[in-house]
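Note sheet for the following structure.
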Amino acid sequence: MALYTMAHFIYKLQNLSLFTSATSAHAHLFKSGLLASTLTVNHLNNCYVRLRRIDYARQLFEEMAEPNVVSWSSLMAGYIDTGSPEFALWLYARMRESSVMPNEFTLATVSNACSLLAELKTGKKLHAQVAILGFQRNLVVCSSLVDMYGKCNDVDGARRVFDLMGHRNVVTWTSMIAVYAQNARGHEALQVFREFNRLMMEPPNSFTLACVINVCASLGRLVPGKVTHAVVIRIGCESNGVVSSALVDMYSKCGCFSYSDKVFRRIHDPSVIPYTSMIVSAAKYGLGELSLKLFEQMIRRAIKPNDITFVGVLHACSHSGLVDEGLKYLNSMQTKHGITPSAKHYTCVVDMLGRTGRLNEAYQLAKSVKVDGSEVAPMWAALLSASRLQGRVDIAIESGNRIIDSNEQVACAYVTLSNTFALAGEWNNVHGLRAKMKNAGVYKDPGCSWIEVKDSIYQFRAGDLSCERGTEILSFLQELQRKMRERGYVGGGGGTGLVFVEVEEESVEQIVGLHSEKLALAFGLISIPKGITIRIMKNLRMCSDCHEAFKLISQIEDAEFLVRDINRFHHFKNGYCTCRDFW
DNA sequence: GCCGCCTATG
């Protein structure tokens, strides 16, 4: 084949998007004897990888006489793309036995495989090889190592690589910010972002901003969130789907649902992700009907929901008392949308049934779910919590035991179970359980919560009013509770949730004629068990009490009240919130 | 010449 046609052929290979064209090119190469050319086969292999036909790529690779470093690396990348990073590691081990030396592409790819598998041991070995091979200051290799250490929860390891690098680019900085973000160290993530801005060698990109917005969301930091939104507008990446979804999520978690709505409406052609963000956000604000409306709208627009969309939908039903709709949606998941309900969906439904007192149904459903032990722990925790509210000691005991057996969220189970006994007056059981807990060395981390008002952050701990203006908050809460009682609120028996409400500045003054800061602070603390205690939670889940309280408050004036969820670190460190790290 | 790093919805 002449050089010109050869070049043309490769060009065509690079742009192939059909499997049949790839196989016919394959046949053509075979006939013309070009399968002996490593370069050409690499191109063809790449076609198969792009078409996600890893089986063909693999076979072609195995038939190669002399695979070079590119052949090895692209097949590894292909395995990663198709969700089998373990094969990439296996290939790398094979490659190390061959005479082909890895290059920077190989090392970055392998590091990526370690990240995905959270294989710290293998990652560290790789790091050593990187050093031996002289890539310890290579930009891309080090960026992937930073990411790898982060995904393996070795923040210090990531930082060491970051600090020792020669040049850093926006990707490196973003990786480092993401490491802190993913390991529940949001304040450090923001610090790194500030440092990046100070040096300002290049502007942040959509990756950086999406990451920073997420940090703001997880910290409940509205002001930095808005500032980042401003940067988004300045940079011009508003139309980026990930960024706009992150903004929707951030505003919702920072108590500004109306802003979430504004951002969402500006998205031209929202995909399943912004839709899901909105559905989840509306659900959190008790706007279940809006969630369902969005869901139906999405279906009409032929956007395919995913499993998380259904978590949002079921949450919406649960938090707005739409029990029968919820059951209907659960049943439609498989039949209408081809999504098999998983433990998290059953958790929502068990929670929903339990919340409205249909405890026996909830219990029957929970028993019928057959999945892994660790996955069902949250479901039994929901049932346990509902049993406590309804005073069903029998179901509480079984739920508690199932959780303790699963080894997940054990401390919470002990505490809730003990509270159930206490409510039923079974003090012997309470003491017995506390002793058992002590013996087992189970310790419940005290929760902590915070709220941002203007530029100050106020932090609260269970039973601790030593924060700034604590006395004022206490007296305001008492006043608020009195007003709520006057209007018929009878809850207050120890909610599992904490309602965060934000009000537009103007309406605050109207409502009770008090200063908005006070109101915002107080409204951060509306779960009022026995007198006034500041209750802390890990995961905003409006219990029926809170829901009632929320409805009542809404009736006080026509103001727009917004529920605020500031805490989403519960998936870190064995289910414990590590928010203490933030101060 | 062919291959690589960072972002999102519970």
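So which residues in the range A:417-470 are on the phi > 0 side of the Ramachandran plot and at pLDDT 65 or above?
Hits for the range A:417-470 are A:Gly425, A:Gly441, A:Arg469.
For A:Lys253, which of the numbered conditions (1) under 30 Å from A:Leu322 (Cα atoms); (2) modelled with pLDDT under 95; (3) more than 21 Å from the chain's Cα centre (by Cα) fails to hold?
Tallying (1) under 30 Å from A:Leu322 (Cα atoms); (2) modelled with pLDDT under 95; (3) more than 21 Å from the chain's Cα centre (by Cα), A:Lys253 fails exactly one: (3).
Name the residue that is modelled with the lowest pLDDT, counting only residues in the range A:30-51 that are part of a helix (DSSP H, G or I) and farther than 19 Å from A:Val70 by Cα.
Here the residue is A:Phe30.
Name the residue that is farthest from DNA strand B (Cβ to nearest atom), counting only residues in the range A:296-313 that are part of a loop (DSSP other than H, G, I, E, B) and not charged (D, E, K, R). Steps first, answer last, please.
To start, the set of residues in the range A:296-313 that are part of a loop (DSSP other than H, G, I, E, B) comprises A:301-306.
Narrowing the set further to residues that are not charged (D, E, K, R) leaves A:302-303, A:305-306.
Working: A:Ala302: 17, A:Ile303: 11, A:Pro305: 9, A:Asn306: 6 Å.
Per the stated criteria, the residue is A:Ala302.
Output yes when any residue across the range A:396-414 is touching a residue at least 24 places away in the same chain (Cβ under 8 Å), closer than 30 Å to A:Arg300 by Cα and buried (at least 22 other Cβ atoms within 10 Å of the Cβ), and no when none is.
no
So, in the range A:222-269, exactly how many residues are under 23 Å from A:Gln191 (Cα atoms) and out of contact with any helix residue (DSSP H, G or I) (no Cβ under 8 Å at 6 or more places or on another chain)?
Residues flagged as under 23 Å from A:Gln191 (Cα atoms) and out of contact with any helix residue (DSSP H, G or I) (no Cβ under 8 Å at 6 or more places or on another chain) within the range A:222-269 amount to 6.
Just one of the numbered conditions (1) modelled with pLDDT of 90 or more; (2) farther than 26 Å from A:Lys367 by Cβ is not true of A:His345; which one?
(2)
If a residue has to be touching an Asp or Glu at 6+ places or on another chain (Cβ under 7 Å) and closer than 18 Å to A:Ala189 by Cβ to count, how many in the range A:105-151 make the cut?
The qualifying residues number 1.
Here's a check for you: in the range A:255-277, which residue that is out of contact with any Leu (no Cβ under 9 Å at 6 or more places or on another chain) and not in a helix (DSSP H, G or I) is nearest to DNA strand B (Cβ to nearest atom)?
Out of the qualifying residues, it is A:Ser271.
Of the residues that sit in the range A:28-53 and are more than 13 Å from DNA strand B (Cβ to nearest atom) and either under 42 Å from the mean Cα position of the chain (by Cα) or crowded, with 21+ Cβ neighbours inside 10 Å (or both), which one is farthest from A:Pro102 (Cα to Cα)? Reasoning before the result, please.
Of all residues in the range A:28-53, those more than 13 Å from DNA strand B (Cβ to nearest atom) come to A:28-33, A:35, A:51, A:53.
With the extra rule that they be either under 42 Å from the mean Cα position of the chain (by Cα) or crowded, with 21+ Cβ neighbours inside 10 Å (or both), the set shrinks to A:29, A:51, A:53.
Details: A:Leu29: 27, A:Leu51: 25, A:Arg53: 24 Å.
Within the range A:28-53, the match that is farthest from A:Pro102 (Cα to Cα) is A:Leu29.
Of the residues A:Arg198, A:Arg185, A:Arg194, only one is under 30 Å from A:Phe257 (Cβ atoms), without any contact (Cβ under 8 Å) to a residue 40 or more places away in the chain and away from DNA strand B (no atom under 13 Å from the Cβ); which?
A:Arg194
Go through (1) away from DNA strand B (no atom under 12 Å from the Cβ); (2) at pLDDT 95 or above one by one and return the number of the condition A:Val323 breaks.
Condition (2) is where A:Val323 drops out.
Kindly check whether there is at least one residue in the range A:428-438 that is under 23 Å from A:Asn360 (Cβ atoms) and either surrounded by fewer than 20 Cβ atoms within 10 Å (Cβ to Cβ) or aromatic (Phe, Trp, Tyr) (or both). Let's see the steps before the verdict.
As a first pass, look at the range A:428-438 and keep what is under 23 Å from A:Asn360 (Cβ atoms): A:429.
Filter once more, keeping what is either surrounded by fewer than 20 Cβ atoms within 10 Å (Cβ to Cβ) or aromatic (Phe, Trp, Tyr) (or both): A:429.
Yes, because at least one residue in the range A:428-438 is under 23 Å from A:Asn360 (Cβ atoms) and either surrounded by fewer than 20 Cβ atoms within 10 Å (Cβ to Cβ) or aromatic (Phe, Trp, Tyr) (or both).
State whether one or more residues within the range A:283-290 are at pLDDT below 95, within 11 Å of DNA strand B (Cβ to nearest atom) and buried (at least 23 other Cβ atoms within 10 Å of the Cβ).
Yes, that holds for at least one residue.
Say we look at the range A:60-74 and pick out the residues that are within 19 Å of A:Ala113 (Cβ to Cβ) and in a helix (DSSP H, G or I); which of these is farthest from DNA strand B (Cβ to nearest atom)? Before you say what the answer is, go through the steps one by one.
Residues of the range A:60-74 within 19 Å of A:Ala113 (Cβ to Cβ): A:61, A:67, A:69-74.
Next cut, in a helix (DSSP H, G or I) only: A:61, A:69-74.
Details: A:Phe61: 12, A:Val69: 6, A:Val70: 3, A:Ser71: 7, A:Trp72: 8, A:Ser73: 3, A:Ser74: 4 Å.
Ranking the qualifying residues of the range A:60-74, first place goes to A:Phe61.
Considering only residues of the range A:87-106 that are within 28 Å of the chain's Cα centre (by Cα) and of a type in the set (A, V, I, L, M), which is farthest from DNA strand B (Cβ to nearest atom)?
Among those residues, the one meeting the criterion is A:Leu89.
So A:Ala362 ticks every box in (1) surrounded by fewer than 18 Cβ atoms within 10 Å (Cβ to Cβ); (2) more than 16 Å from DNA strand B (Cβ to nearest atom) but one. Which box is left unticked?
With respect to (1) surrounded by fewer than 18 Cβ atoms within 10 Å (Cβ to Cβ); (2) more than 16 Å from DNA strand B (Cβ to nearest atom), A:Ala362 is out only on (1).
So, in the range A:154-174, how many residues would count as being crowded, with 21+ Cβ neighbours inside 10 Å and away from DNA strand B (no atom under 14 Å from the Cβ)?
0
Looking at A:Ala77, A:Ala25, which is the one that is small (Gly, Ala, Ser) and more than 12 Å from DNA strand B (Cβ to nearest atom)?
Of the residues listed, the single one that is small (Gly, Ala, Ser) and more than 12 Å from DNA strand B (Cβ to nearest atom) is A:Ala25.
Quick check, is A:Ala57 assigned to a helix (DSSP H, G or I) and away from DNA strand B (no atom under 11 Å from the Cβ)?
yes
For A:Thr340, work out the one condition from (1) closer than 28 Å to A:Asp405 by Cβ; (2) of a type outside the set (Phe, Trp, Tyr); (3) in a helix (DSSP H, G or I) it doesn't fulfil.
So the condition that A:Thr340 fails would be (3).
So which of A:Pro305, A:Pro378, A:Pro274, A:Pro341 is surrounded by 17 or more Cβ atoms within 10 Å (Cβ to Cβ), under 20 Å from A:Met250 (Cα atoms) and without any contact (Cβ under 8 Å) to a residue 40 or more places away in the chain?
One residue alone meets the criteria, A:Pro274.
Quick check on A:Ser332: is it in a helix (DSSP H, G or I) and within 14 Å of DNA strand B (Cβ to nearest atom)?
When the stated conditions are applied, A:Ser332 does not pass them.
Out of everything in the range A:201-239 that is among the β-branched types (Val, Ile, Thr) and surrounded by fewer than 21 Cβ atoms within 10 Å (Cβ to Cβ), what residue ends up being nearest to DNA strand B (Cβ to nearest atom)?
So in the range A:201-239, the residues among the β-branched types (Val, Ile, Thr) come out as A:208, A:212-213, A:215, A:223, A:227-228, A:231-233, A:235.
Among the residues that remain, those that are also surrounded by fewer than 21 Cβ atoms within 10 Å (Cβ to Cβ) are: A:223, A:227, A:231, A:233, A:235.
Details: A:Val223: 20, A:Val227: 18, A:Val231: 14, A:Ile233: 16, A:Ile235: 13 Å.
Out of the qualifying residues, it is A:Ile235.
The values are calculated or read from the model by the stated rules, or taken from the named source; none is laboratory data. Here the structure is a predicted model, which is why all the values come from computation and not from measurement. Ideal geometry is used to build each Cβ from the backbone, glycine not excepted, and the neighbour counts take in all protein chains shown.
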